[in-house]
Amino acid sequence: MSLDDDVPIPTLLRLAGREPLAVGHLRYVFQHPGNRDELIKVMRADAVASRWNRKGRWAKRLPRTRHYIGYLRELKEYIAARARSNGEPPIARMVGLVETDLGIGRVSEKVVGVDGSLAPTLAAVYERGSCTPALEAALDTFLGGLLDCNVIVGDMHAWNIVLGSDSRGGPRLVMIDGFGEKHAIPISSMSRAVNRYRTKRLYKRMLAQLERIVPISGED
Ligand SMILES: Nc1ncnc2c1ncn2[C@@H]1O[C@H](COP(=O)(O)OP(=O)(O)O)[C@@H](O)[C@H]1O
Ligand SMILES: [Mg+2]
């Protein structure tokens, strides 16, 4: 079999100097330079320095994957959720990994809002209009999707969920970060019932937190 000379060999993607579309606690989120529908997430050097490389943070350095441990958690959960259910889990479609000049990049499908730009977070939607019946319905569908597909959630908060569409449809609520088992003893992985209970609890807490940030006016 001969190799095709026309196929370009993937090289290091250059992201340094580009403006990120979003900045999270731990990662920069860049537009994929080669694909309109995809995003590349890279670890923020300042977050790595303060969370992983600071003196006394030896325990953080124990995992061989170091500061990329979150990538592994997400990849594992994405694969597990896809493997164990026939439905589409309400989590962003994972594309893979890419080498960049800012370290290993995690590639995801972009979830977009009505104008085609990055979908707003649940926090932003809530802040704009509080909890409308349409949003309540979207929240119910979202929780139902997580439970049906037995997704394990580590960090459920309103900045890790966006309202928008991707190649699978929408608009709907999609979890873009925070999925995957975080506990040292992986009880959620062992028991579907425990995971159900925990997911519902995290969901309730998130809603309560949202209510505190944006209290619903006119209601007691
Ligand atoms: N797949 C996606 N589609 C749309 N927006 C996204 C997507 N992934 C991330 N974002 C946006 O980027 C922000 C930061 O991404 P996130 O993965 O949460 O980073 P961090 O790990 O630093 O918390 C999110 O709050 C969201 O606004
Ligand atoms: Mg996040």
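The values are calculated or read from the model by the stated rules, or taken from the named source; none is laboratory data. Everything quoted here is computed from the prediction, not taken from an experiment. Cβ placement follows ideal geometry from the backbone for every residue including glycine, while neighbour counts extend to all protein chains displayed.
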Inset, instruction - Within the stretch 57-69, identify whether any single residue is touching a residue at least 40 places away in the same chain (Cβ under 8 Å), more than 16 Å from ligand 1 (Cβ to nearest atom) and not acidic (D, E), and answer yes or no. - result: no
Legend entry - Single condition G218 does not satisfy, out of (1) surrounded by fewer than 17 Cβ atoms within 10 Å (Cβ to Cβ); (2) in a helix (DSSP H, G or I); (3) modelled with pLDDT under 95: (2)
Inset, instruction - Only one of these is without any contact (Cβ under 8 Å) to a residue 24 or more places away in the chain and in a helix (DSSP H, G or I): A134, A138, A80. Name it. - result: A134
Inset, instruction - Kindly indicate whether A47 is within 16 Å of ligand 2 (Cβ to nearest atom) and either free of Cβ contacts under 8 Å to residues at least 24 places away in the same chain or closer than 25 Å to L163 by Cα (or both). - result: yes
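Quick one: which of R93, R128 is of a type in the set (K, R) and in contact (Cβ under 8 Å) with a residue 24 or more places away in the chain?
R93
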Legend entry - In the stretch 141-159, residue farthest from S191 (Cα to Cα) [restricted to those that are without any contact (Cβ under 8 Å) to a residue 60 or more places away in the chain and either hydrophobic (A, V, I, L, M, F, W, C) or assigned to a loop (DSSP other than H, G, I, E, B) (or both)]: A158
Inset, instruction - Filter the stretch 160-191 for residues that are within 12 Å of ligand 1 (Cβ to nearest atom), acidic (D, E) and either in a strand (DSSP E or B) or surrounded by fewer than 23 Cβ atoms within 10 Å (Cβ to Cβ) (or both) and give the result. - result: D166
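Can you pull out every residue in the stretch 7-52 that is aromatic (F, W, Y) and within 11 Å of ligand 1 (Cβ to nearest atom)?
Y28, F30
Can you tell me which of V174, V151, V107 is away from ligand 2 (no atom under 15 Å from the Cβ), out of contact with any helix residue (DSSP H, G or I) (no Cβ under 6 Å at 6 or more places or on another chain) and not basic (K, R)?
Details: V174 fails: away from ligand 2 (no atom under 15 Å from the Cβ); V151 fails: out of contact with any helix residue (DSSP H, G or I) (no Cβ under 6 Å at 6 or more places or on another chain).
Just a single option satisfies the conditions, and that option is V107.
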